[in-house]
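Visitor: Pasting in a structure now, in structure tokens, and then I'll have a few things to ask.
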Amino acid sequence: MATSQKVDFFIVGAGFSGLVAAERLTQAGFSCVVIDKREHIGGNAYDCYDEAGVLIHPYGPHYFRTNSARIVDYLSQFTEWHPVSYQVKSFTQDRYWSFPINLNTFEEWLGRESNELEWQDYLDAQKVPIEHPQNSEEVIISQVGWDLYRTFFEPYTLKQWKRHPRELQASVCGRIPIRLNRDDRYLTDTFQAMPAKGYTALFENIVAHSPNLQLRLGVDYAEEKQHWDYRHLIFTGPIDAYYDHCYGSLPYRSLRFEHETYSGEELAARLPISEKAGYWQPAMQVNYPDLEVPFTRTVEIKHATGQQIDVTTIVREFPEDWGPGKEPFYPVPTDATSELYSRYKRLAEQETNVSFIGRLGTYRYYNMDQVTGMALNEAEKLTQRYQSTPELSP
């Protein structure tokens with residue numbers, strides 16, 4: 001049997017969590033190996049050019065935003081930025097609506113001009129008084145009432161999660177703002193931008209800035225770990241898989257994507273629906289809440305990347321049950337799954353040389369900046385711990 005290679009940190013997953021942690025640890029003088037079952041780096045944030053030359057996000061759109069100057073400063077070492085104001089609309093009742101719900105949406109609902117005072121009066125009359133909303137249905141009806149909830153939220157949530165909003169924790173729909181003014185931005189973070197050359201280029205620069213890092217792509221974790229003698233494991237995969245699902249499997253929602261490319265001639269014929277030349281739809285993302293439409297949204301990421309090209313590609317997202325051969329995209333936030341995860345978390349807290357980070361490792365939906373911050377914090381903690389131990393990096 002071949003001798004195992006010595007390394008300080010064995011890192012499972014080459015997405016934001018794994019690569020950021022590896023960069024910090026190698027800069028601190030440690031050796032790292034990062035493995036991934038996929039043939040590329042970047043995890044779900046990986047982007048690439050399709051056959052038409054359009055930069056796309058194969059695993060769904062990734063909208064970078066943050067309020068943390070620390071995160072911006074860190075990632076700016078590896079990329080320049082293209083500023084973006086992410087725009088979303090909803091398509092139902094044969095028309096596009098301003099979304100998230102705001103004064104513009106209310107005017108579209110009425111079919112006439114209005115003002116903030118009338119909008120507030122309408123909401124006060126419609127909303128259901130619930131002091132402490134306990135689920136996603138209650139959090140929305142307590143803000144806008146039943147009509148707007150049933151138009152924009154209930155059917156979309158049923159499609160996305162295959163669960164009724166009242167079965168989901170309040171945080172699911174609570175992430176979506178309701179605005180009294182005309183602010184139709186999807187996000188309000190102080191920093192909103194895309195890596196100027198794409199996420200993959202950002203990840204490649206992180207790797208290039210990581211001395212004494214070995215990348216092993218397209219490999220199986222169970223097989224690969226046998227070839228390494230490591231001091232500490234950083235695991236960014238599903239925490240229940242690490243423990244062989246001993247308490248049962250944590251549920252996820254998966255996605256299927258369909259891509260469609262349109263020529264310049266087709267885009268020209270699309271006006272005025274697209275609202276501006278060179279695009280297929282009027283916003284980067286269009287939600288389709290109606291249950292008879294099998295997909296939840298269409299994304300035209302060209303709106304956000306700023307790519308100057310005569311063609312465009314839209315991506316339709318179809319929610320699916322998670323199972324063999326499918327990627328786990330979204331942890332399912334219910335009280336029962338939280339309790340199940342807490343059992344795995346208690347096991348993880350007993351580990352002395354294993355760290356669980358990232359969405360899958362902590363069974364929680366995190367934004368990219370939050371995952372980056374988690375990896376930075378964990379790398380700092382591990383650096384302090386292992387630099388004080390007598391064993392040297394091999």
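A short reminder: the numbers here are calculations on the coordinates, not readings from a lab. Just so it is clear, the structure is predicted and the values come from calculations on it, not from any experiment. As a convention, Cβ positions derive from the backbone with ideal geometry for all residues, glycine included, and neighbour counts pool all protein chains shown.
Visitor: Taking the simple approach of a point 7 Å from Cα along Cα-to-Cβ for both Lys345 and Phe318, what is their distance in nm?
Guide: 3.5 nm
Visitor: Using only helices, what value at 222 nm comes out for the chain when you add -39,500 (n - 2.57) per DSSP H run of length 4 or more and divide by the total residues, to the nearest 500 deg cm²/dmol?
Guide: The per-residue figure over the chain is -9000 deg cm²/dmol.
Visitor: Separate question: Going 7 Å from the Cα of Gln387 along its beta-carbon direction, which residues of region 5-42 have the amide nitrogen within less than 12 Å of the resulting point?
Guide: Hits in region 5-42 for Gln387 at 12 Å: 25-30.
Visitor: Next up: Using θ = phi - 60° and the Karplus form 6.51 cos²θ - 1.76 cosθ + 1.60, what ³J(HN,Hα) does each residue of region 86-100 get, whole Hz, x for Gly and Pro?
Guide: My calculation for region 86-100 gives 6, 10, 10, 10, 10, 10, 7, 6, 6, 7, 8, 10, 5, 8, x Hz in order.
Visitor: Ala125 to Asp310: extension gain in nm, 0.36 nm per residue of separation minus the Cα-Cα distance?
Guide: Full extension of this stretch gives 61.8 nm more.
Visitor: Out of the DSSP beta bridges found with both residues in the chain, what percent are antiparallel (nearest 5)?
Guide: For the chain, the DSSP antiparallel bridge percentage is about 60.
Visitor: Further question: Quick one: check the C-alpha center-to-center distance for region 182-222 versus region 232-262, whole angstrom.
Guide: Region 182-222 and region 232-262 have Cα centres spaced 19 Å from each other.
Visitor: Relative to the present Cα-Cα distance, how much length would full extension add between Asp335 and Asn181 at 0.36 nm per residue of separation?
Guide: That works out to 52.1 nm of additional length.
Visitor: I need the calculated FRET efficiency for the pair Leu117 and Glu380, taking r as the beta carbon distance and R₀ as 56 Å, to the nearest 0.05.
Guide: 0.65
Visitor: Take every DSSP beta bridge whose two residues both sit in region 1-160, then give the antiparallel share in percent to the nearest 5.
Guide: Counting only bridges with both partners in region 1-160, antiparallel ones make up about 65 percent.
Visitor: So I have (i) 0.96; (ii) 1.07; (iii) 1.60, and one of them is Cα Rg over 2.2 N^0.38 Å calculated from this model. Which one is it?
Guide: (ii)
Visitor: Compute the angle between helix 16-27 and the longest alpha-carbon principal axis of the chain, please, reported from 0 to 90 degrees and rounded to the nearest 10.
Guide: In the chain, helix 16-27 runs at an angle near 40 degrees to the longest axis.
Visitor: Follow-up. Within 10 Å, at most 16 other Cβ atoms, and a DSSP state outside H, G, I, E, B define an exposed site. Report the longest part of the chain free of exposed GluC sites (Glu not before Pro).
Guide: Looking at the chain, 132-274 is the longest stretch - no exposed GluC sites (Glu not before Pro) with at most 16 other Cβ atoms within 10 Å.
Visitor: If you don't mind, there's one more thing I want to ask. If you look for lysine pairs in the chain that are eight or more places apart or on different chains, how many of them have Cα atoms under 14 Å apart?
Guide: 5
Visitor: Right, something else. Grab the beta carbon distance between Tyr243 and Lys162, set R0 = 22 Å, and tell me the FRET efficiency rounded to 0.05.
Guide: In this case the efficiency is close to 0.30.
Visitor: If you don't mind, another one. Hey, got a sec? Which chymotrypsin sites (Phe, Trp or Tyr not before Pro) in region 202-247 land in a DSSP loop and have at most 16 other Cβ atoms within 10 Å?
Guide: Loop-located and lightly packed - Tyr243, Tyr247.
Visitor: Right, next: Label-point separation (nm) for Glu39 and Asp220, each offset 7 Å from Cα along Cα-to-Cβ?
Guide: Taking the simple label geometry, Glu39 and Asp220 are separated by 1.8 nm.
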